[in-house]
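Have a look at the structure below, then the notes.
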């Protein structure tokens with residue numbers, strides 16, 4: 001929608017992963033993350049195997065490692081938190097390099113780091129191999145309530161509109177000699193927020209009116225039917241199923 | 001022209017926006033099937049407000065609008081929107097799908113068309129505006145004139161009873177302007193063209209309405225209205241410098 | 001405040017997931033009355049706005065991260081039900097697209113950031129608008145306070161969830177102090193942005209502010225020289241829902257509380273107990289003392305012998321919540337049908 005057919009997170013390509021129907025990919029990622037989270041944190045080797053699984057998917061999808069790692073940076077706030085855990089958590093403590101660390105804190109940090117990182121990596125792979133519009137179609141096919149899909153699609157379109165209006169307002173401000181430099185100018189910027197809201201709304205409203213005028217009644221009409229056959233489902237579900245095997249091994253070993 | 005045979009019948013339409021600003025003060029007019037009518041008026045006369053009433057996007061004022069005998073109201077909204085095709089002023093607002101084909105297919109698909117029937121409808125609409133070879137292109141890669149033609153096609157694909165164009169000639173270069181005029185002339189639908197481009201109205205529409213301060217101030221043959229200097233001045237309508245409506249061969253009256 | 005995967009234990013995630021699903025289901029029903037054709041894109045815009053403000057993350061020492069939440073803005077502009085949906089959609093899309101907030105922690109995230117903020121903010125907002133003089137300035141002031149309160153409330157909800165299901169035993173006092181402290185600061189920023197945005201919108205497009213619908217004046221139309229009353233805008237139904245929202249909100253909150261308290265009553269969530277549990281990790285052969293009670297094990301995650309019973313308790317928990325949620329759902333529907341039948345309750349809250 002809008003200019004949203006090529007979002008920054010998406011990496012254009014023609015790999016088998018790109019070609020899978022979006023709802024199978026969504027289901028696979030979700031199942032994978034559920035499996036990862038329910039793995040016991042002591043089974044460290046299992047998390048290694050999960051990472052190998054994701055790396056395999058990334059290889060098939062031809063997503064370069066550098067791209068994937070850069071996108072993983074979103075995790076930094078959690079990493080900062082995880083690093084703190086061994087210091088602030090209570091309980092039995094161990095001495096590591098002269099620092100007194102909490103054992104449970106160390107386990108907690110490992111738990112958050114391992115599971116969080118794998119979850120982030122799976123989502124990054126999904127977003128980089130699936131177009132936004134496809135994702136919305138996928139959510140629609142997975143029977144997410146139409147109103148939620150509608151809000152999501154408007155949200156994505158407004159994202160572009162807001163960015164666009166922000167740029168115009170900044171140019172207007174700057175051509176009148178205003179530049180935001182530090183805290184003193186935050187007031188001006190905050191006041192722009194209200195104006196930005198109205199401007200974006202009225203721009204988006206016109207698009208919406210045009211859609212409504214052509215019979216839009218809350219859900220995007222299906223122009224090209226997206227269906228997944230048994231093979232595609234089995235390709236997509238290979239990831240969570242393999243992970244499940246690892247997880248079960250993790251519980252029993 | 002009674003309400004049953006007329007393509008469009010508007011009576012006593014008044015409307016105020018929620019902030020209290022009243023835009024329409026009792027608008028009455030009627031358009032017969034197959035007519036091409038221009039709705040003229042200065043900026044802020046209420047033209048766009050009126051257009052938004054024609055397919056029920058704005059409601060809540062007094063008065064009524066009938067499209068081919070069907071009252072505009074909640075119970076027939078889907079049918080009304082299929083019958084009234086509005087081409088908005090800015091094609092960027094109108095084109096929101098990733099390819100021209102999907103954009104043109106949006107309306108008919110929303111109405112329930114599928115498969116080969118849908119494709120045929122799309123192809124036909126694109127041929128009418130001469131854009132068939134641009135099917136798979138993204139709309140924002142087209143020129144402004146091409147985008148406006150695609151916008152017209154998106155509406156034509158719904159096979160409307162009446163085509164409503166809001167400022168169709170704005171921002172077009174002379175060649176695109178002429179191409180669009182040729183397309184509009186070739187269509188076999190009722191047209192209501194909202195504009196302040198007076199020569200364009202004269203070229204395309206035998207009949208004109210002047211909307212001023214929220215009421216219909218004049219209704220008559222385009223050539224005669226434009227030649228009435230006093231009327232034109234009273235409603236802030238100005239002809240381009242050096243343009244004499246009497247020197248131009250006007251479009252023939254009637255469908 | 002986005003909780004990543006693995007931060008809150010699986011049973012708590014599952015239960016909050018069920019709570020979130022129930023709340024979203026209730027909101028979906030409510031949103032049908034709040035949203036009409038013209039305000040549907042507004043919900044999208046609000047969502048996009050919230051998406052943007054939530055991207056500004058400040059790391060918080062003992063929470064995950066802090067940022068503006070936007071729940072108050074959503075509740076006031078589009079109504080509490082649609083507000084819950086907007087923030088939920090934002091969280092879902094952040095999870096899928098940006099991997100911000102784990103997919104399995106979606107329930108936790110929706111509960112504290114979508115449900116708590118909107119319900120609290122809207123409750124405060126409506127109460128203030130009712131109490132104070134009916135002017136536009138009041139609406140702006142009420143938005144400020146509502147937003148200010150909603151953020152620490154959400155932080156408290158997070159702390160509560162962490163206390164119940166956190167996978168690491170940081171002392172609850174530390175978490176609460178850090179979270180609430182930081183979020184009071186964030187609340188001030190949130191309040192300023194919410195008040196400015198609501199103020200700007202109400203000045204230009206008062207029709208777009210859901211929370212101020214009953215402040216709207218009946219319009220007079222001049223038709224051919226005569227003054228005529230405009231037909232009444234359809235606010236009666238919308239205004240009625242404001243009570244219902246608070247009611248539903250209270251019910252959902254109490255459901256959450258009841259669910260958790262009853263669940264964890266038998267499992268001591270004290271830090272000490274957890275330490276003991278984590279020591280158990282090193283001594284895998286040792287049976288835990290409380291193993292005879294399945295619910296006791298449930299609070300103590302990641303111990304050998306608790307695996308099976310913990311899983312079982314999780315399943316029971318989800319089951320109970322789903323049944324309870326469905327019950328609420330039905331009750332709401334019942335009440336609504338009976339309300340619709342009585343015109344007296346329909347006119348409550350309507351103004352001229």
Please work out which one of (1) at the interface with chain C (Cβ under 10 Å from one of its Cβ atoms); (2) surrounded by fewer than 22 Cβ atoms within 10 Å (Cβ to Cβ) is the condition residue B:73 fails and give its number.
-> (1)
Within segment C:120-159, tally of residues that are surrounded by fewer than 24 Cβ atoms within 10 Å (Cβ to Cβ) and more than 17 Å from residue C:184 (Cβ to Cβ) = 16
Test residue B:219 against the stated conditions and say whether it is under 20 Å from residue B:84 (Cα atoms) and within 19 Å of the chain's Cα centre (by Cα).
-> no
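Considering only segment C:156-199, how many residues are under 22 Å from the mean Cα position of the chain (by Cα) and within 10 Å of another protein chain (Cβ to nearest Cβ)?
The initial filter retains those residues of segment C:156-199 that are under 22 Å from the mean Cα position of the chain (by Cα), namely C:156-166, C:172, C:175-195, C:197-198.
In the following step, the residues that additionally are within 10 Å of another protein chain (Cβ to nearest Cβ) were identified as C:166, C:175, C:178, C:189, C:192-195, C:197-198.
Of the residues in segment C:156-199, 10 are under 22 Å from the mean Cα position of the chain (by Cα) and within 10 Å of another protein chain (Cβ to nearest Cβ).
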So is residue A:193 modelled with pLDDT under 70, buried (at least 16 other Cβ atoms within 10 Å of the Cβ) and in contact with a helix residue (DSSP H, G or I) (Cβ under 6 Å, 6 or more places away or on another chain) or not?
-> yes
How many of the residues making up segment A:200-230 are surrounded by fewer than 20 Cβ atoms within 10 Å (Cβ to Cβ), more than 11 Å from chain B (Cβ to nearest Cβ) and at pLDDT 75 or above?
-> 2
Look through segment B:82-95, keep the residues that are in contact (Cβ under 8 Å) with a residue 60 or more places away in the chain and facing chain A (nearest Cβ under 7 Å), and return whichever of them is nearest to residue B:166 (Cα to Cα).
-> B:88
Say we look at segment B:1-58 and pick out the residues that are more than 14 Å from chain C (Cβ to nearest Cβ) and assigned to a helix (DSSP H, G or I); which of these is nearest to residue B:237 (Cα to Cα)?
-> B:47
Scan segment A:94-112 for residues that are assigned to a helix (DSSP H, G or I), more than 7 Å from chain C (Cβ to nearest Cβ) and at pLDDT below 80 and jot them down.
-> A:106, A:109
Given (1) within 14 Å of chain A (Cβ to nearest Cβ); (2) within 25 Å of residue C:76 (Cα to Cα); (3) modelled with pLDDT under 80, residue C:213 misses just (1)
Condition met for residue A:43 (closer than 13 Å to residue A:114 by Cα and in the same structural domain as residue A:233 (by TED's automatic domain parsing)) | yes
Specify the residue that is farthest from the chain's Cα centre (by Cα); the eligible residues are those in segment A:118-157 that are within 9 Å of chain C (Cβ to nearest Cβ) and without any contact (Cβ under 8 Å) to a residue 24 or more places away in the chain.
-> A:145
Could you please let me know if residue C:202 is within 11 Å of chain A (Cβ to nearest Cβ) and surrounded by 19 or more Cβ atoms within 10 Å (Cβ to Cβ)?
-> yes
Looking only at segment B:133-158, which residues are surrounded by fewer than 16 Cβ atoms within 10 Å (Cβ to Cβ), in contact with a helix residue (DSSP H, G or I) (Cβ under 8 Å, 6 or more places away or on another chain) and more than 14 Å from chain A (Cβ to nearest Cβ)?
-> B:143, B:144
Any chance residue C:71 is at pLDDT below 90 and within 14 Å of chain A (Cβ to nearest Cβ) = no
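Go over the candidates C:139, C:175, C:182 one by one and state the one that is out of contact with any helix residue (DSSP H, G or I) (no Cβ under 7 Å at 6 or more places or on another chain) and either part of a helix (DSSP H, G or I) or closer than 29 Å to residue B:16 by Cβ (or both). Can you show your working first?
Details: C:139 fails: out of contact with any helix residue (DSSP H, G or I) (no Cβ under 7 Å at 6 or more places or on another chain); C:175 fails: out of contact with any helix residue (DSSP H, G or I) (no Cβ under 7 Å at 6 or more places or on another chain).
Just a single option satisfies the conditions, and that option is C:182.
The values are calculated or read from the model by the stated rules, or taken from the named source; none is laboratory data. Predicted model, so just to flag it, every value in this text is computed and none were measured. Neighbour counts are summed over all protein chains in view; Cβ atoms, including those assigned to glycine, are modelled from backbone coordinates with ideal geometry.
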